[in-house]
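Engineer: Provided herewith is a single structure, encoded as C-alpha cells, for subsequent inquiry.
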Amino acid sequence: MDRISKEIQNRLLEMQDTEYGDFNAKIIPNIPRESIIGVRSPELKKLVAEYKGRDMSGFLAALPHKYIEESYIHAQLINAMKDFDECMRETERFLPFIDNWETCDSLAPKVFKKNKPVLLQKSAQWRGSDHTYTIRFGIGVLMRYFLDDDFAVEYAEAAASVISEEYYVNMMIAWYFATALAKHYDEVLPFIEKHRLGKWTHNKTIQKAVESYRVSDEHKTYLSTLKIA
C-alpha cells in the first residue's frame with residue numbers, strides 16, 4: 001500500500017461512526033459489515049476535497065480497496081477528472097472492482113458529457129458485461145447523459161433489451177424507465193403498455209413513477225392501471 005492510500009485509510013478510521021456504519025450495512029446488505037467503516041457524507045466530502053489536485057495515482061491503482069469509503073473517494077476522484085480519455089481509462093479500471101450499488105451510483109464523471117458518441121459506445125459495452133455493477137453503470141449512463149435533449153427511443157430500447165436476474169440491474173432498469181416517463185412520457189409509455197419489461201421491473205417502474213413528483217397526477221393514475229398482478 002502506498003503512503004497516501006495508508007494515510008487515507010487511517011484518516012477514515014479516525015472518523016469512524018459505528019452506528020452510521022451499522023445503518024449503511026442495512027442499506028447495502030450484499031457486502032460484509034467489516035468492509036464498512038462508517039463515515040458520514042460531510043466528512044467524506046471534506047476528505048475528498050483535501051486530496052483533489054494531489055498525485056493520487058498510487059491510490060487509484062490500489063484495487064480492490066478494503067473499505068467502501070475508500071471506493072467512494074476513488075469514485076469522486078474520477079468524477080473530478082477533466083480529461084475525457086484519462087477519466088475513461090480510470091473508470092474502466094475501476095468498474096470491475098465495484099461491488100455495491102452505492103459506489104456504482106456515486107460514479108458520474110462530468111467530463112463524460114464532452115464526448116457523447118464514445119460514451120454511447122462504452123455504455124453498450126458495459127451493458128453487455130457479465131459483472132452486475134458494470135451493467136448497472138452502463139444503464140445508469142443512459143439515464144444520466146441521454147435522457148434530456150439528446151434522448152432517442154433507441155436508447156430506451158437499449159435499456160429494455162438488458163435481460164438479467166440480478167436485483168441491482170433490474171432496479172436500475174426500473175429507475176431508468178421511471179425517469180424516462182417523467183421526461184419523455186409519450187415516447188416511453190409504449191414500453192409499459194406493451195409489457196416490454198419483466199414483471200418485477202415493470203411493476204417497480206410504475207411504483208417509482210407514481211412516487212415521483214415529476215410525473216403528473218393524470219399520468220400516475222393511468223400508469224397505476226397498468227400494473228401486472
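Engineer: Please indicate, with yes or no, whether at least one residue in the range 72-81 is touching a residue at least 12 places away in the same chain (Cβ under 8 Å) and not in a helix (DSSP H, G or I).
Structural biologist: Yes, the conditions are met somewhere in the range 72-81.
Engineer: Additional query: For ARG33, work out the one condition from (1) within 23 Å of MET143 (Cβ to Cβ); (2) in contact (Cβ under 8 Å) with a residue 12 or more places away in the chain it doesn't fulfil.
Structural biologist: Failing condition for ARG33: (1).
Engineer: A further question on this structure: Starting from residues that are surrounded by 10 or more Cβ atoms within 10 Å (Cβ to Cβ) and among the acidic types (Asp, Glu), keep the ones in the range 15-49 and report whichever is farthest from the chain's Cα centre (by Cα).
Structural biologist: Ranking the candidates gives ASP17 first.
Engineer: Determine which member of the set GLU69, GLU92 is charged (D, E, K, R) and closer than 20 Å to ILE135 by Cβ.
Structural biologist: It is GLU92.
Engineer: Considering every residue within the range 35-55, establish whether at least one is over 30 Å from LYS114 (Cβ atoms), at pLDDT 95 or above and assigned to a helix (DSSP H, G or I).
Structural biologist: Yes, there is a match, as at least one residue in the range 35-55 is over 30 Å from LYS114 (Cβ atoms), at pLDDT 95 or above and assigned to a helix (DSSP H, G or I).
Engineer: Quick one: would you say MET1 is touching a Cys at 6+ places or on another chain (Cβ under 7 Å), farther than 17 Å from THR132 by Cβ and outside any helix (DSSP H, G or I)?
Structural biologist: Criteria not met by MET1.
Engineer: Please tell me if CYS87 is under 20 Å from GLU165 (Cα atoms) and touching a residue at least 12 places away in the same chain (Cβ under 8 Å).
Structural biologist: No: the conditions fail for CYS87.
Engineer: Same structure again: Would you check which residues across the range 151-188 are assigned to a helix (DSSP H, G or I), more than 18 Å from the chain's Cα centre (by Cα) and free of Cβ contacts under 8 Å to residues at least 12 places away in the same chain and list them?
Structural biologist: Once the filter is applied, which keeps residues that are assigned to a helix (DSSP H, G or I), more than 18 Å from the chain's Cα centre (by Cα) and free of Cβ contacts under 8 Å to residues at least 12 places away in the same chain, the range 151-188 yields GLU154, GLU157, ASP186.
Engineer: Go through (1) outside any helix (DSSP H, G or I); (2) in contact with a Ser or Thr (Cβ under 9 Å, 6 or more places away or on another chain); (3) more than 20 Å from ALA108 (Cα to Cα) for HIS65 and report which single condition fails.
Structural biologist: (3)
Engineer: When you go through PHE97, PHE59 one by one, which is the residue that is surrounded by fewer than 18 Cβ atoms within 10 Å (Cβ to Cβ), touching a Leu at 6+ places or on another chain (Cβ under 8 Å) and within 22 Å of GLN9 (Cα to Cα)?
Structural biologist: Within the list PHE97, PHE59, the selection yields PHE97.
Engineer: Considering the range 189-229 alone, what residues qualify as being touching a His at 6+ places or on another chain (Cβ under 7 Å), part of a helix (DSSP H, G or I) and of a type in the set (Val, Ile, Thr)?
Structural biologist: ILE192
The values are calculated or read from the model by the stated rules, or taken from the named source; none is laboratory data. These numbers were taken from a predicted model, which means no experiment stands behind them. Because the Cβ atoms are built from the backbone with ideal geometry, glycine has one as well, and the counts that use them run over all protein chains shown.
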